[in-house]
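After the structure tokens below, expect a handful of questions from me.
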Amino acid sequence: MALLNILHFPDKRLRTKASDVGTIDDALRQFISDMFETMYDAPGIGLAATQVDFHKRLLVIDVSEESNEPLCFINPVITHKEGVEVMQEGCLSVPGFYEDIERAESITVQALDKNGEKIELTTGGLLAVCIQHEIDHLDGKLFVDYLSPLKRNRIKKKIEKMEKEHAFNTDPNTPAI
Ligand code: GNR
Ligand code: NI
């Protein structure tokens, strides 16, 4: 078990487009388990591999009240989108900022689970928002990209300032002094 370091905007590595996962083996399942541990520890309701500098199409989610409904999607593809919904979003890679973002209200997603079995899910609400947010990460996209350049730049400057002042260090391998 290990906590992974979460990259923060405007880190360029968050702009990497992830490639498909090939073989799903025990090493990958260990990594998935580390992603869950990192997500629950943060805490967050989702985490994409891109955020922990691993550029394969892999994400974990748990939107349940009691954090006991782990979901893992490998090579996820959205095959259907319907409706429009605005929800306030946050991101572990954009710490401390929350903005209203418009996304599809209901989606159908196809993926593989951690055993390589095909899964298909049609869902709405927070889970649908979270899946779209995580797949954006795999494409190198962040929720701040939907904001105006002015707003995005303000957020960038504030995060850079905070990191400079050491107030926002979430790297588990670096002690907070
Ligand atoms: O923890 C998270 N909360 C959240 C809230 C609204 C919409 C999306 C999210 S995902 C976020 C965790 C994260 O950054 N995942 O990439
Ligand atoms: Ni995010």
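Any read-out appearing in this document is the output of simple, stated calculations on the displayed coordinates, not a laboratory observation. Everything numeric here is computed off the predicted structure, so don't read it as measured data. Positions of Cβ are backbone-derived with ideal geometry, glycine not excepted, and every protein chain shown enters the neighbour counts.
Hey, can you tell me all the residues within the range 117-155 that are of a type in the set (A, V, I, L, M, F, W, C) and within 12 Å of ligand 2 (Cβ to nearest atom)?
As a first pass, look at the range 117-155 and keep what is of a type in the set (A, V, I, L, M, F, W, C): 119, 121, 126-131, 135, 138, 142-144, 147, 150, 155.
Val129, Cys130, Ile131, Ile135, Leu138, Leu142, Phe143, Val144, listed by residue number.
Also, I was wondering about something else. So which residues in the range 133-160 are assigned to a helix (DSSP H, G or I) and within 11 Å of ligand 1 (Cβ to nearest atom), if there are any at all? First the steps, then the outcome.
From the range 133-160, those assigned to a helix (DSSP H, G or I) are 133-138, 143-146, 149-160; that's our starting set.
Matches in the range 133-160: His133, Glu134, Ile135, Asp136, His137, Leu138, Phe143.
From the list Val52, Val84, Val94, pick out the single residue that is out of contact with any Asp or Glu (no Cβ under 9 Å at 6 or more places or on another chain) and not basic (Lys, Arg). Spell out how you get there, then give the answer.
Working: Val52 fails: out of contact with any Asp or Glu (no Cβ under 9 Å at 6 or more places or on another chain); Val84 fails: out of contact with any Asp or Glu (no Cβ under 9 Å at 6 or more places or on another chain).
Of Val52, Val84, Val94, the one residue that is out of contact with any Asp or Glu (no Cβ under 9 Å at 6 or more places or on another chain) and not basic (Lys, Arg) is Val94.
So, in the range 54-63, how many residues would count as being of a type in the set (Lys, Arg) and either touching a residue at least 40 places away in the same chain (Cβ under 8 Å) or near ligand 1 (Cβ under 8 Å from one of its atoms) (or both)? I'd like the intermediate steps shown before the answer.
At the first step, the residues of the range 54-63 found to be of a type in the set (Lys, Arg) are 56-57.
Applying the additional criterion that residues be either touching a residue at least 40 places away in the same chain (Cβ under 8 Å) or near ligand 1 (Cβ under 8 Å from one of its atoms) (or both) yields 57.
Total satisfying the criteria: 1.
On to the next question. Within the range 1-59, can you find the residues that are among the small types (Gly, Ala, Ser) and under 29 Å from Asn153 (Cα atoms)?
Step one: of the range 1-59, the residues among the small types (Gly, Ala, Ser) are 2, 18-19, 22, 27, 33, 42, 44, 46, 48-49.
Hits for the range 1-59 are Ala18, Ser19, Ala42, Gly44, Gly46, Ala48, Ala49.
Looking at (1) touching a helix residue (DSSP H, G or I) at 6+ places or on another chain (Cβ under 7 Å); (2) within 12 Å of ligand 2 (Cβ to nearest atom), which is the one condition that is false for Gly44?
All conditions pass for Gly44, except number (1).
Taking the condition within 16 Å of ligand 1 (Cβ to nearest atom) and either surrounded by 15 or more Cβ atoms within 10 Å (Cβ to Cβ) or over 15 Å from the mean Cα position of the chain (by Cα) (or both), does Glu117 pass?
Numbers: within 16 Å of ligand 1 (Cβ to nearest atom): no; either surrounded by 15 or more Cβ atoms within 10 Å (Cβ to Cβ) or over 15 Å from the mean Cα position of the chain (by Cα) (or both): yes.
So Glu117 fails the test.
May I pose another question? Which members of the range 64-103 meet the condition of being on the phi > 0 side of the Ramachandran plot, more than 14 Å from ligand 1 (Cβ to nearest atom) and of a type in the set (S, T, N, Q)? Give the derivation first.
Here is the first cut: in the range 64-103, the ones on the phi > 0 side of the Ramachandran plot are 67, 75, 83, 96.
Then keep just the ones that are more than 14 Å from ligand 1 (Cβ to nearest atom); that gives 75, 83.
Once the filter is applied, which keeps residues that are on the phi > 0 side of the Ramachandran plot, more than 14 Å from ligand 1 (Cβ to nearest atom) and of a type in the set (S, T, N, Q), the range 64-103 yields only Asn75.
Write out, first by first residue and then by second, each pair whose Cβ atoms fall under 6 Å of each other, whose residues are 6+ apart or on separate chains, and whose first residue, in the range 39-53, is free of Cβ contacts under 8 Å to residues at least 60 places away in the same chain and within 7 Å of ligand 1 (Cβ to nearest atom) while the second is in a loop (DSSP other than H, G, I, E, B) and not β-branched (Val, Ile, Thr).
Gly44/Leu92
I'd like to check which strands (runs of 3 or more DSSP E) are fully inside the range 12-99 and have at least 1 residues that are more than 13 Å from the chain's Cα centre (by Cα) and surrounded by 16 or more Cβ atoms within 10 Å (Cβ to Cβ). Working first, answer last.
Numbers: elements: 46-48, 58-61, 71-89.
Where strands (runs of 3 or more DSSP E) fall fully within the range 12-99 and carry at least 1 residues being more than 13 Å from the chain's Cα centre (by Cα) and surrounded by 16 or more Cβ atoms within 10 Å (Cβ to Cβ), they are 71-89.
Sticking with this structure for a sec: Among the residues that make up the range 80-97, is at least one of them more than 16 Å from ligand 2 (Cβ to nearest atom), closer than 18 Å to Met35 by Cβ, among the aliphatic types (A, V, I, L, M) and touching a strand residue (DSSP E or B) at 6+ places or on another chain (Cβ under 9 Å)? Before the answer, list the steps.
Looking only at the range 80-97, we keep the residues that are more than 16 Å from ligand 2 (Cβ to nearest atom), and these are 80-86.
The next check asks that each one be closer than 18 Å to Met35 by Cβ; those that pass are none.
No, the range 80-97 contains no residue that is more than 16 Å from ligand 2 (Cβ to nearest atom), closer than 18 Å to Met35 by Cβ, among the aliphatic types (A, V, I, L, M) and touching a strand residue (DSSP E or B) at 6+ places or on another chain (Cβ under 9 Å).
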